[in-house]
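Engineer: Could you have a look at this structure, given as structure tokens, before my questions?
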Amino acid sequence: MKFFIDTANLDQIREAQALGILDGVTTNPSLMAKEGIKGKDAILKHYIDICNIVDGPVSAEVISTEFEGMIAEADVLASLHDNIVVKIPMTKDGIKAIRYLSDKGIRTNCTLVFSAGQAILAAKAGATYVSPFIGRIDDSSVDGLDLIDQIVSIYQIHGFETKVLAASIRNTLHIVKCAELGADVVTSPLASILGLLYHPLTDIGLAKFIEDSKKMGL
Ligand code: E4P
């Protein structure tokens, strides 16, 4: 399973990269706005900065909602760096854009996916990745992990090549469960990635080893 970080914060991306476990990055307009980036040039530069930190897929989202605007934006984004994957929302125009871009050899990430039916359409259109939003489904009192299970199973049965990219991750359990369910990629905030490090017995065990090592005059 690939590990992506879900942020546009360069320090957090560097911190995850330094761990040596990072395979890629996902961003969205909300995450970009959170970094205080303003203006088209600054946005494009920021994507290049991210690509220069991580040698893996970097999802950059279009803002347009109509087909023509989406593909025009996609051309600009894809030309920024080989690592860019164009993120397209799950809409009628979005599906058309994914088909068009896929036929042109431009990689896409179909975002805002909340049902298996949407995931089937994304795969049929040739999306490179499909992003089901687990946490936001959980927020509506429905288990988002069931959707990951369903999509992984449907894609396996029908041999779809689209990768299941579990998004809207809120905790370490989401990451572990996605691994169990066979998600191809999990994109998580830095806190959830770092949360995987923690176990109280590790801390207790390490304290004891350090204490005992002192008995050997080390
Ligand atoms: C990833 O591609 C999504 O943009 C992101 O995971 C959404 O997460 P959120 O529901 O925490 O905003």
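Engineer: Restricting to segment 172-211, give me the number of residues that are free of Cβ contacts under 8 Å to residues at least 40 places away in the same chain, closer than 17 Å to residue 22 by Cα and out of contact with any strand residue (DSSP E or B) (no Cβ under 6 Å at 6 or more places or on another chain).
Structural biologist: 8
Engineer: For segment 42-58, indicate whether the set of residues that are surrounded by fewer than 19 Cβ atoms within 10 Å (Cβ to Cβ), farther than 20 Å from residue 186 by Cα and among the small types (Gly, Ala, Ser) is non-empty.
Structural biologist: yes
Engineer: With the structure loaded, tell me whether residue 155 is more than 18 Å from residue 183 (Cα to Cα) and either of a type outside the set (Lys, Arg) or crowded, with 23+ Cβ neighbours inside 10 Å (or both) or whether it fails that test. Let's see the steps before the verdict.
Structural biologist: Values: more than 18 Å from residue 183 (Cα to Cα): no; either of a type outside the set (Lys, Arg) or crowded, with 23+ Cβ neighbours inside 10 Å (or both): yes.
When the stated conditions are applied, residue 155 does not pass them.
Engineer: Further question on the same structure: For segment 152-198, what are the residues that are part of a loop (DSSP other than H, G, I, E, B), more than 16 Å from residue 135 (Cβ to Cβ) and under 16 Å from the mean Cα position of the chain (by Cα)?
Structural biologist: Of all residues in segment 152-198, those part of a loop (DSSP other than H, G, I, E, B) come to 159-162, 168-171, 182-184, 189, 196-198.
Still in the list and also more than 16 Å from residue 135 (Cβ to Cβ): 159-162, 182, 184, 196-198.
Those that are part of a loop (DSSP other than H, G, I, E, B), more than 16 Å from residue 135 (Cβ to Cβ) and under 16 Å from the mean Cα position of the chain (by Cα): 162, 182, 184.
Engineer: I've got another one for you. Please pick out the residue among 170, 136 that is open to solvent by 70 Å² or more (accessible area, probe 1.4 Å) and in contact with a Phe, Trp or Tyr (Cβ under 8 Å, 6 or more places away or on another chain). If you could, list the steps in order and put the result at the bottom.
Structural biologist: Numbers: 170 fails: in contact with a Phe, Trp or Tyr (Cβ under 8 Å, 6 or more places away or on another chain).
Result: 136 is the single residue among 170, 136 that is open to solvent by 70 Å² or more (accessible area, probe 1.4 Å) and in contact with a Phe, Trp or Tyr (Cβ under 8 Å, 6 or more places away or on another chain).
The values are calculated or read from the model by the stated rules, or taken from the named source; none is laboratory data. Quick caveat: nothing in here was measured; it's all calculated off a predicted structure. For neighbour counting, all protein chains shown are included, and Cβ atoms are generated from backbone atoms with ideal geometry for every residue, glycine included. What goes into the accessible areas is simple: the full protein's heavy atoms, side chains included, and nothing from ligands, DNA or RNA. Shrake-Rupley method; radii C 1.70, N 1.55, O 1.52, S 1.80 Å.
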